[in-house]
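Below is one structure, written out as structure tokens; comments come after it.
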Amino acid sequence: MRWKILPSLYLRIALSASCMLLLASQTTYGDAIIEGERMHPKQGRNGMVVTSHFLATQSALDVLKNGGNAIDAAVTAAFSLAVTQPRSGNIGGGGFMLISSEQANQVLAIDYREKAPSQATEEMFLNKDGSVNSDISRFSHRAVGVPGTVAGLALALKEFGTISLQQALAPAIKLAHDGFVVTPRFSSGLKTVEKRLRTWKATEEIFYKPGGTYYEPGDLFVQKDLAATLQRISDNGAKEFYQGKTAQLLVEEMSKHGGLITLDDLKNYAPVIREPVHGNYRGYDIYSMSPPSSGGAHVIQILNILEGYPISDLGHNSATTIHLMAEAMKRAFADRSRYLGDEDFIKVPMAGLISKAYGESLRGTIDSSAANPSKTIAPGKPMEFESSETTHFSIVDNYGNAVSNTYTINFSYGAGIIVQGAGFLLNNEMDDFSSKPGVANAYGLIGGKANRIEPNKRMLSSMSPTIVKDHGRNFLVTGSPGGSRIITTTLQVIMNVIDHGLNIQSAVSAPRIHHQWLPDELRVEEGLSPDTIKLLYGMGHEIKRKSSMGAIQSIMIDDQVMYGAADPRRSTSLAAGM
Ligand code: GLY
């Protein structure tokens, strides 16, 4: 699949096109910085970047300022996050990138999700007694899937970008080589997972000072090995990661510690350009990630169920609205457990899952005033039609392009394992497979045969990078980290904008809720009124309070004005426009 017009033409088209008016507020909200400036369309180019780290936002914004497109800026942001936010930004993991071109009238997805190594087996995480050994599936070299980030970013740039890989890597190399100033979030993150990160000497040497003391806010954090790895990728291209010295270091790391990834696994890794799932909600076109993510399917499925209710009249975060959302979420997550997996290996009944008819039939099973206990809900029967820590960023350029990218190493700091000599953390994405049908993964998600471990298969994800279009124009670019909460967080920002007419910052900041069928509990962030919670109890919901869920970095374009909204749940987030 390719654009109908070449991306390199965008620049020429765009230079002759009138510039889009940009408006971004300069505000502080919680710890997050939301800044931008007002610019009249005639004053020059414009664009908007929202990421979870201000240094990545600034690197990407510089690319837009120099005339690059949203894809150039996205790849630059992703490499910069790999340096400045090692808990989730990465070159040792994988993800999904949605790209929308208004000129080509097309939205496509780059799938650079990790794959199981070729020696992986269905029982690889089972103890002799048949129980699941989650230490191995989460914190060992066997937890690591074949990384896709470098290949995916290089593919995005080659097919749709206008700058070179060297240019996209330059800010990241500088940040790794010269260092950056440690923030309170960076420092506290390393203290929180200290036990895991000190398990491996190579990891401990990177993240703690000689003598073992902590990096404190204000210290300079330099990553010489990572700088050298990024420089080799800059010199030799993505194949350096998959066939060069970096590949050798990764495979040595594996063979020293019982990991499964081989040189052939790395050499054979390839990202895939896929069609996103596409639905419609109250007249807006919703594009989101297709399998191996479950995210897009369930965002659209839940919206289809809710479309039959007057959500706007029922009110934002009212007890009735939350009840209906929770009931719709339960049914979608029940289906997730049975039907979703890597479509290169299994048949997902996608057309049925996201059909309006199936949404309507599920709606018919909802009692509008009482919760159905999850044990009474089983995966439904969508008709066959023939026919945890992660990070998201959103970027819009002046040329009608939008990028919505979510990538991850799974947990914060992934498996906690640095490739010795190469300076980057490895993912623990193998835990996203269903190690045993019916046994929950780290996010409490139950899986079945569709997501069982098979060699070279991609593990099921919840990542939901999403682009909403309004009459062919990019309207909302959004997505979030948060494991299973990714799906419901993304859903709520869409509903907050479309149903409740909230401005994008309010839509991002508003308290969120989450239900994932099992466990049978309705998670709510602080901020819901006590009488709403009381009403929900009265309907039969088991309420669990959470301090925060997700971190959604979003852009809304309304009447040609770009509004960026960084999630205040991440203190380093920054939305910046030009
Ligand atoms: N590792 C979390 C996800 O992909 O959903």
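Here are the numbers for this structure:
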quantity	calculated
Long-range neighbours under 7 Å by Cβ, at least six apart or interchain, first residue in a loop (DSSP other than H, G, I, E, B) within segment 527-549, second loosely packed, with under 15 Cβ neighbours inside 10 Å and charged (D, E, K, R)	S547/E526
Qualifying residue in segment 467-476 (condition: buried (at least 24 other Cβ atoms within 10 Å of the Cβ) and either farther than 26 Å from A507 by Cβ or among the hydroxyl-bearing types (S, T, Y) (or both))	no
Condition broken by T408, with the remaining ones in (1) among the hydroxyl-bearing types (S, T, Y); (2) more than 15 Å from the chain's Cα centre (by Cα); (3) within 16 Å of the ligand (Cβ to nearest atom) satisfied	(2)
N398 being away from the ligand (no atom under 16 Å from the Cβ) and more than 21 Å from A334 (Cα to Cα)	yes
Helices (runs of 4 or more DSSP H) contained entirely in segment 203-293, each with at least 3 residues that are in contact with a Lys or Arg (Cβ under 6 Å, 6 or more places away or on another chain) and not polar (S, T, N, Q)	none
The one condition in (1) away from the ligand (no atom under 11 Å from the Cβ); (2) modelled with pLDDT of 95 or more; (3) more than 20 Å from F125 (Cα to Cα) that A378 fails to fulfil	(2)
Index of the failed condition, A442 passing every other in (1) more than 29 Å from L226 (Cβ to Cβ); (2) aliphatic (A, V, I, L, M); (3) surrounded by fewer than 24 Cβ atoms within 10 Å (Cβ to Cβ)	(1)
Breaking point among (1) more than 24 Å from the chain's Cα centre (by Cα); (2) of a type outside the set (K, R); (3) assigned to a helix (DSSP H, G or I), for I305	(1)
Residue that is within 16 Å of the ligand (Cβ to nearest atom), at positive phi and either at pLDDT 95 or above or assigned to a helix (DSSP H, G or I) (or both), where the choices are G414, G421, G444	G414
Candidates T246, T262, T321, filtered to the one that is surrounded by 24 or more Cβ atoms within 10 Å (Cβ to Cβ) and over 24 Å from the mean Cα position of the chain (by Cα)	T246
Segment 192-220 residues that are within 19 Å of V181 (Cα to Cα) and modelled with pLDDT of 95 or more, paired with ones that are basic (K, R) and in a helix (DSSP H, G or I) (beta carbon under 7 Å, 6 or more apart)	Y214/K191
Count of residues meeting criterion [of a type in the set (A, V, I, L, M, F, W, C), within 12 Å of R331 (Cα to Cα) and in a loop (DSSP other than H, G, I, E, B)] in segment 352-370	1
Candidate set from segment 89-128 (those that are in a loop (DSSP other than H, G, I, E, B) and aliphatic (A, V, I, L, M)); member that is surrounded by the fewest Cβ atoms within 10 Å (Cβ to Cβ)	M124
Of all residues in segment 453-467 being hydroxyl-bearing (S, T, Y) and not in a loop (DSSP other than H, G, I, E, B), the one that is nearest to the ligand (Cβ to nearest atom)	S461
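Condition check ((1) of a type in the set (S, T, N, Q); (2) out of contact with any His (no Cβ under 6 Å at 6 or more places or on another chain); (3) within 29 Å of F433 (Cα to Cα)) across all residues:
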{"residue": "S294", "(1), (2), (3)": "yes, yes, yes"}
{"residue": "V299", "(1), (2), (3)": "no, yes, yes"}
{"residue": "S318", "(1), (2), (3)": "yes, yes, no"}
{"residue": "A328", "(1), (2), (3)": "no, yes, yes"}
{"residue": "A334", "(1), (2), (3)": "no, yes, yes"}
{"residue": "D342", "(1), (2), (3)": "no, yes, yes"}
{"residue": "I346", "(1), (2), (3)": "no, yes, yes"}
{"residue": "R363", "(1), (2), (3)": "no, yes, no"}
{"residue": "N372", "(1), (2), (3)": "yes, yes, yes"}
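The values are calculated or read from the model by the stated rules, or taken from the named source; none is laboratory data. Keep in mind the model is a prediction, meaning the values are calculated, not measured. Don't worry about glycine lacking a Cβ; one is built from the backbone with ideal geometry, like all the others, and counts go over all protein chains shown.
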